[in-house]
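Notes for the one structure printed next.
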Amino acid sequence: MARVCGRLRKGAAIVAAVGALGLPIAAGAVWGAVRGAEEGEPVTVAVPHMPSSTWPSVGETPVLGPDVQRQLDAAVQGIMREVHVPGVTVGLWTPGKGSYVRSFGVADKDNGRPMAPDLRMRIGSETKTFTVTALLQLADRGRVGLDDPIGKYVDGVPGGNRITLRQLAGMRSGLFDYADDEAFFRALTSDPRRSLTPREVLDHSFKHPVLFPPGRRFDYSNTNLVLLGLVVEKVGGLPLGEFIQRNILHPAGLDHTGFPVDASFPDPHARGYTDQTAGGKVEDATDWNPSWAWAAGAMISDLRDLRVWARTVATGTLPDGTVLIRPALQRQRLIASPTSAPGVGYGLGIFDVQGWIGHNGSLPGYECLTVYLPPARTTLVVLLNTDIRHDGQQPSAIFGEAITKIATPGHVLSLPARPSAG
């Protein structure tokens with residue numbers, strides 16, 4: 001639970017600039033209003049995807065040979081020293097160009113157990129990609145409409161008759177983020193092992209006025225995803241974690257990914273360290289209860305599964321070639337509306353940063369970055385066991401930029417730091 005200006009740090013980086021949970025729940029102050037919109041007028045603006053002719057060819061992506069691997073080793077280890085990261089695992093894969101999989105540092109500062117690629121980690125706002133995928137599956141089946149108002153499914157939402165499911169998934173609802181509420185921060189940091197229900201966290205949001213008319217601009221809010229989780233449960237007829245397990249994890253073969261119902265953490269896993277504490281001191285957050293993050297950031301995964309998921313969520317296609325999300329709906333998902341950060345767009349529960357499609361996540365003690373670059377078919381996953389920021393920037397974002405400068409110089413994944421909590 002990160003404390004910034006007395007509030008939880010928002011975790012994604014694009015939010016770091018997009019997405020941190022910012023206890024910030026993952027997934028940043030990045031957002032500006034869309035120009036040209038009249039006050040109160042819902043606006044949908046797409047950032048056109050770059051034509052294929054402007055993408056670098058796979059041939060322009062460096063081979064991940066010994067020289068490049070040495071450069072990556074030096075960059076990753078240098079960041080670890082500068083940012084004081086206990087442990088990190090990096091996976092980078094480009095078909096025909098090789099792969100790079102490395103773990104550095106320790107998974108447990110007390111006993112020196114080394115970080116390893118097979119360790120499970122909390123993935124924070126990467127959870128949002130699973131929750132929105134579940135919603136899109138229901139839309140695919142005609143069970144919900146993306147332009148339905150949230151008030152059709154959940155009572156008591158401020159402005160719920162005007163805010164659509166699409167606006168919630170695209171972070172354009174205007175609802176206050178409960179993770180920014182002072183009382184929520186105090187309650188959570190005073191007892192981080194307590195269990196919180198979705199309705200309890202929503203109460204912290206709904207006591208605040210709506211920030212702007214729905215559709216007016218982008219503003220990253222974990223409240224949006226908790227509401228979508230409730231929609232999935234109501235319409236899907238199953239607890240959210242079970243719906244995701246049956247309809248997403250099992251078909252995709254993600255055997256090491258799960259949605260915990262409490263603070264349980266399957267072995268093997270890394271210990272996680274945070275300064276999002278009541279007193280601001282660094283603590284071990286491994287066994288803190290992620291229930292407060294729920295549909296916005298409670299899930300657990302590992303390097304192998306996130307490698308598979310990066311391509312799956314970016315393409316809407318399962319590893320066996322079957323469809324996860326029908327192509328027409330997947331195209332809607334990838335329409336990236338602008339944020340105030342250059343080169344950064346946000347679709348439906350997914351970002352587009354200089355061509356990289358995916359999400360990042362930050363939960364007290366852990367961060368991840370899971371992205372896919374379609375033209376090169378390159379996948380990048382970064383997992384680390386701290387969320388402690390460096391000069392206001394999330395460490396996962398620092399790693400992502402340094403790695404892509406070397407591996408995909410035509411598409412550097414730059415996630416600007418948010419100047420305030422978020």
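For this structure, a couple of remarks:
- Subset tally (residues that are buried (at least 21 other Cβ atoms within 10 Å of the Cβ) and in a helix (DSSP H, G or I)) for region 80-110: 0
- The lone criterion from (1) open to solvent by 30 Å² or more (accessible area, probe 1.4 Å); (2) of a type outside the set (Asp, Glu); (3) at pLDDT 95 or above left unmet by Pro62 is number (3).
- Scan of region 306-330 for residues that are closer than 20 Å to Lys128 by Cβ and either at pLDDT below 95 or assigned to a loop (DSSP other than H, G, I, E, B) (or both), ordered by number: Gly316, Leu318, Leu324, Ile325
- Search result, residues across region 251-263 that are open to solvent by less than 60 Å² (accessible area, probe 1.4 Å) and either within 19 Å of the chain's Cα centre (by Cα) or under 19 Å from Asp108 (Cα atoms) (or both): Ala252, Leu254, Thr257, Gly258, Phe259, Pro260, Ala263
- Ser190 meets each of the listed conditions (1) surrounded by 24 or more Cβ atoms within 10 Å (Cβ to Cβ); (2) at pLDDT below 95 apart from (1).
- Residues in region 111-133 that are at negative phi, open to solvent by less than 10 Å² (accessible area, probe 1.4 Å) and of a type in the set (Gly, Ala, Ser): 1 in all.
- Counting only residues that are open to solvent by less than 10 Å² (accessible area, probe 1.4 Å) and in a loop (DSSP other than H, G, I, E, B), region 193-211 holds 0 of them.
- Selection status of Ser125, in a loop (DSSP other than H, G, I, E, B) and within 21 Å of the chain's Cα centre (by Cα): no
- Of all residues in region 297-325, those satisfying the criterion of being of a type in the set (Asp, Glu) and open to solvent by less than 10 Å² (accessible area, probe 1.4 Å) are Asp302, Asp305.
- Subset of region 160-184 (residues that are touching a strand residue (DSSP E or B) at 6+ places or on another chain (Cβ under 9 Å), under 15 Å from Pro213 (Cβ atoms) and either small (Gly, Ala, Ser) or open to solvent by 10 Å² or more (accessible area, probe 1.4 Å) (or both)): Gly160, Asn161, Arg162, Thr164, Gly170, Arg172, Ser173, Gly174
- The conditions of being part of a loop (DSSP other than H, G, I, E, B), within 16 Å of Tyr220 (Cβ to Cβ) and touching a strand residue (DSSP E or B) at 6+ places or on another chain (Cβ under 8 Å) are not met by Gly358.
- Hits in region 264-276 - residues which are surrounded by fewer than 17 Cβ atoms within 10 Å (Cβ to Cβ) and either modelled with pLDDT of 95 or more or under 15 Å from Ala107 (Cβ atoms) (or both): Pro266, Asp267, Pro268
- For region 277-296, filtered to residues that are open to solvent by less than 40 Å² (accessible area, probe 1.4 Å) and assigned to a loop (DSSP other than H, G, I, E, B), the residue that is farthest from Pro239 (Cα to Cα) is Thr277.
- Tally of residues being closer than 22 Å to Ile325 by Cβ, open to solvent by 20 Å² or more (accessible area, probe 1.4 Å) and either of a type in the set (A, V, I, L, M) or not in a helix (DSSP H, G or I) (or both) across region 212-234: 1
- Lone unmet requirement of (1) among the polar types (S, T, N, Q); (2) out of contact with any Pro (no Cβ under 6 Å at 6 or more places or on another chain); (3) open to solvent by less than 10 Å² (accessible area, probe 1.4 Å) for Asn385: (2)
- All positions within region 140-159 that are open to solvent by less than 40 Å² (accessible area, probe 1.4 Å) and over 19 Å from Leu211 (Cα atoms): Val144, Gly145, Leu146, Asp148, Tyr153, Val154
The values are calculated or read from the model by the stated rules, or taken from the named source; none is laboratory data. Every value quoted in this text rests on a predicted model; they were computed, and no experiment measured them. Backbone-built Cβ (ideal geometry, glycine too); neighbour counts: all protein chains shown. For the accessible areas, the whole protein counts, side chains as well, though only heavy atoms, and no ligand, DNA or RNA atoms are used. Shrake-Rupley method; radii C 1.70, N 1.55, O 1.52, S 1.80 Å.
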